[in-house]
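Inspection log for the structure reproduced underneath, given as structure tokens.
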Amino acid sequence: MGLNGKVCIVTGGGSGIGRSASLMMAEAGAKVVLVGRTVSKVEDVRDEITAAGGTAMALGLDVGDYDGVMQMAKDVLDAYGQIDVLVNNAGHSSHHRRLMTTTPDELRGVLDSNVAGSVYCSQAVVPHMRERGEGTIINVSSMAGVNASLLAGMAYSAAKAAVINFTAFLNTELKNTGIRSSVVIPGEVDTPILDNRPIVPDGEARDTMVTAEDAAEAIFLIANLPQRACIPELIIRPTYMRDTSAEAGAA
């Protein structure tokens with residue numbers, strides 16, 4: 001059956017990897033719930049999906065808002081009656097990258113969007129998935145969570161490492177419940193998050209990176225697998241590994 005008729009929630013669905021994954025899932029017949037802080041962005045993707053004959057819902061939400069996340073899951077169940085796939089893709093980096101320059105607000109924001117949001121959304125859908133005896137949770141991390149990076153920054157590296165660990169924890173706690181969890185770990189991806197870097201990569205640099213569509217293909221692969229199969233971790237990185245030392249030094 002693949003994703004045909006499945007209900008898929010994608011956080012950060014208004015741009016980048018989330019937008020591309022949502023379009024792929026909708027094309028495969030899924031009902032897609034687009035979640036994002038900027039309502040206009042998720043509404044634009046919803047309209048793109050429905051114009052192509054697909055089914056989608058757009059919800060403006062900060063995933064760091066626990067009560068809002070719980071209400072979101074209730075709204076989805078009221079609308080569609082089930083939740084099959086959760087893609088925890090929402091997350092942002094901080095402008096300041098070093099230990100002593102990162103502000104308290106930046107740290108809280110990065111941890112809330114990347115870590116707390118993934119936890120809250122999982123808490124919101126797992127009871128329903130347990131009751132049905134199946135479900136898929138896909139978390140989006142980064143190679144910065146594997147190898148701490150000056151370029152990615154202190155807060156982002158720590159947050160993405162937590163996402164990897166959280167995914168392993170889900171598979172431990174939810175073992176043999178029918179719920180599978182995966183983490184996609186991209187290297188450099190050409191998405192709007194790069195615009196927050198102290199030195200914004202130019203067009204030539206971006207041409208060597210993984211695209212949002214490439215990373216979305218990895219998410220789609222995991223979601224589309226038969227429920228009996230699980231990919232706990234999937235790393236996708238550029239084939240050409242560019243020298244980022246100058247950029248890291250300016251971070």
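The values are calculated or read from the model by the stated rules, or taken from the named source; none is laboratory data. Note that the structure is predicted; figures quoted are calculated from it, not measured. Cβ placement follows ideal geometry from the backbone for every residue including glycine, while neighbour counts extend to all protein chains displayed. Each accessible area value is taken on the protein alone, full model and side chains, heavy atoms only, with ligands, DNA and RNA left out. Shrake-Rupley method; radii C 1.70, N 1.55, O 1.52, S 1.80 Å.
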Quick one: what are the phi-derived ³J(HN,Hα) couplings along the range 216-233, Karplus 6.51/-1.76/1.60 with θ = phi - 60°, whole Hz, x for glycine and proline? 5, 4, 5, 4, 4, 4, 5, 5, 7, 5, x, 4, 6, 10, 9, 10, x, 9
Which ³J(HN,Hα) values in Hz, rounded to whole numbers, follow from the phi angles of the range 11-17 under the Karplus curve 6.51 cos²θ - 1.76 cosθ + 1.60, where θ = phi - 60° and Gly and Pro get x? 7, x, x, x, 7, x, 4
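Restricting to Cα pairs below 8 Å that are 6+ residues apart, what does the relative contact order work out to for the chain? Please round to a whole percent.
In percent, rounded to a whole number, it is 19.
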Step through the residues of the range 2-8 one at a time and calculate ³J(HN,Hα) from phi using the Karplus curve (6.51 cos²θ - 1.76 cosθ + 1.60, θ = phi - 60°), rounding each to whole Hz and writing x for Gly and Pro. x, 9, 4, x, 6, 9, 10
What is the projected area of the convex hull of the Cα atoms of the chain, averaged over all directions, in nm²? 12.8
What full-extension length gain, to one decimal in nm, is calculated for ARG228 and ASN196 as 0.36 nm per residue of separation minus the Cα-Cα distance? 7.6 nm
Between ALA124, ALA51, ALA30, find the one with the highest GNM mean-square fluctuation for the chain; connect C-alpha pairs within less than 10 Å. ALA51
Summarise the accessible area of the chain (1.4 Å probe, protein heavy atoms) by the percent that is carbon and sulfur. 52
Amide hydrogen neighbours beyond the local backbone of THR177, cut-off 5 Å, H modeled: none
Hey, what number do you get for the chain at 222 nm if only DSSP H runs of n ≥ 4 count, each worth -39500 (n - 2.57), divided across all residues, to the nearest 500? -13000 deg cm²/dmol
Where does each of 32-45, 6-19, 168-181 land if you order them by average Cβ count within 10 Å, highest first? 6-19, 32-45, 168-181
Could you report the chain's accessible area per residue, 1.4 Å probe, as an integer in Å²? 45
Does anyone have the angle between helix 154-173 and the longest principal axis of the chain? Alpha-carbon axes, 0 to 90°, nearest 10? 30
Once amide H atoms are placed 1.01 Å from N in the peptide plane, what residues at a sequence separation of 5 or more from VAL183, or on another chain, have their amide H within under 5 Å of its amide H? ASN139, GLU233, LEU234
Which angle between 0 and 90 degrees, to the nearest 10, do you get for helix 39-51 versus the longest principal axis of the chain when only C-alpha atoms count? 50
Which of the aspartates and glutamates could a cross-linker bridge to LYS41, judged by Cα under 15 Å and excluding same-chain residues fewer than eight apart? ASP62
Taking the alpha-carbon centroid of each part, what is the distance from the range 103-169 to the range 1-37 in angstrom? 19
Over 24 Å (Cα to Cα) among LYS6/LYS74; LYS31/LYS160; LYS31/LYS74; LYS74/LYS160 -> LYS31/LYS160; LYS74/LYS160
For the Cα atoms of the chain, what angle does the longest principal axis make with the long axis of helix 66-80, in degrees from 0 to 90, nearest 10? 40
